[in-house]
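Asker: Okay, here's the structure, questions in a sec.
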Amino acid sequence: SFNLHYGEEPPLTGTRGSGTVFFSGCPLKCIFCQNYPISHLGNGQVYTVEELAGIFLNLQKRGAHNINLVSPTPYLYHIVRALEIASHKGLILPVVNNTGGYEDRDVVRMLEGIVDIWLPDFKYHDAELARTVSAAPGYRELAYDAIDEMFSQVGELILDDEDIAVSGTIIRHLVLPGQTENSKQVLEIIARSSFSKSCLSLMSQYFPAFEAPNSPLSRRLTSEEYAEVKEYAVELGFEDGWFQDI
């Protein structure tokens, strides 16, 4: 699906929305995915590369602040071709790569100069959690290396005169119920890393979607759990980014 989306971080959403393009078949396969009809079930339509370029141009015409590619990894070859076609026809918007963080560093490296804003998740420190609630063995190490490469390409978040993002790195972390230690350990990793100057988006909107009701993640996040992780983020010195209400 594709549309103007108003639920992203403020520098991406702005006043006119982020031009989100959702791709089917996310490789993470999280059991709690809120977009599971797209990510797990493969819902969607088939588009040619030329039609995809047309979607990008349509979103620009409708006023989008950026082209926001959601879970694009399985289609990167086709996306790059579509971006080339669209750029020759006047596409000038920043390109956002909105990823679950489970990426190969060499693939990220090949996107240098194409992606303007990296928007990865850093979901897990706990290897067992990554393996059981997402199909993501080795997640922590892969995500760390990938985000390190992302930050080396685009650096800290840069805004224009209207406070709209034009380049940079935003790291998302979704706090999961009963997993505050995992969240704290992820924040520690980021705080000690070469990409510690990335903006942090600490998310609270977890709910037990898809297969989560039959798992240890069968309840919503509590306000106390989120507050505990938020307080720890402040203690670690995170200053640039966003917290959410719960």
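The values are calculated or read from the model by the stated rules, or taken from the named source; none is laboratory data. Remember, it's a predicted structure, so these values are computed and weren't measured experimentally. All Cβ positions, glycine included, derive from the backbone under ideal geometry; neighbour counts span all protein chains shown. The accessibility values were calculated without ligands, DNA or RNA, using every heavy atom of the protein model including side chains. Shrake-Rupley method; radii C 1.70, N 1.55, O 1.52, S 1.80 Å.
Asker: Within the range 92-108, is there a residue that is out of contact with any strand residue (DSSP E or B) (no Cβ under 8 Å at 6 or more places or on another chain), open to solvent by 60 Å² or more (accessible area, probe 1.4 Å) and of a type in the set (Phe, Trp, Tyr)?
Answerer: no
Asker: Also, I was wondering about something else. Can you tell me which residues in the range 28-46 are under 15 Å from the mean Cα position of the chain (by Cα) and open to solvent by 60 Å² or more (accessible area, probe 1.4 Å)?
Answerer: Lys29, Gln34, Asn35 - these are the residues of the range 28-46 that are under 15 Å from the mean Cα position of the chain (by Cα) and open to solvent by 60 Å² or more (accessible area, probe 1.4 Å).
Asker: Among the residues that make up the range 25-42, is at least one of them at pLDDT 95 or above, assigned to a helix (DSSP H, G or I) and touching a strand residue (DSSP E or B) at 6+ places or on another chain (Cβ under 9 Å)?
Answerer: no
Asker: Across the range 31-53, what is the number of residues that are farther than 22 Å from Val80 by Cβ, free of Cβ contacts under 8 Å to residues at least 40 places away in the same chain and among the aromatic types (Phe, Trp, Tyr)?
Answerer: Counting residues in the range 31-53 that are farther than 22 Å from Val80 by Cβ, free of Cβ contacts under 8 Å to residues at least 40 places away in the same chain and among the aromatic types (Phe, Trp, Tyr) gives 0.
Asker: Then there's this: Quick check on my filter: what residues within the range 169-190 are open to solvent by 40 Å² or more (accessible area, probe 1.4 Å) and within 16 Å of Val234 (Cα to Cα)? Don't jump to the end; show me each part of the working.
Answerer: First pass over the range 169-190, keeping only residues open to solvent by 40 Å² or more (accessible area, probe 1.4 Å): 178-179, 181, 185, 188.
Correct list: Glu181, Gln185, Glu188.
Asker: Within the range 1-14, can you find the residues that are touching an Asp or Glu at 6+ places or on another chain (Cβ under 8 Å) and either part of a loop (DSSP other than H, G, I, E, B) or among the aromatic types (Phe, Trp, Tyr) (or both)? Explain how you work it out, then say what you get.
Answerer: Of the range 1-14, the ones touching an Asp or Glu at 6+ places or on another chain (Cβ under 8 Å) are 10-11, 14.
If the condition is that a residue be touching an Asp or Glu at 6+ places or on another chain (Cβ under 8 Å) and either part of a loop (DSSP other than H, G, I, E, B) or among the aromatic types (Phe, Trp, Tyr) (or both), then Gly14 is the only one that fits.
Asker: All but one of (1) surrounded by 20 or more Cβ atoms within 10 Å (Cβ to Cβ); (2) of a type in the set (Gly, Ala, Ser); (3) more than 22 Å from Glu235 (Cα to Cα); (4) over 15 Å from the mean Cα position of the chain (by Cα) hold for Gly138, so report the exception by its number.
Answerer: So Gly138 meets the others, but not (1).
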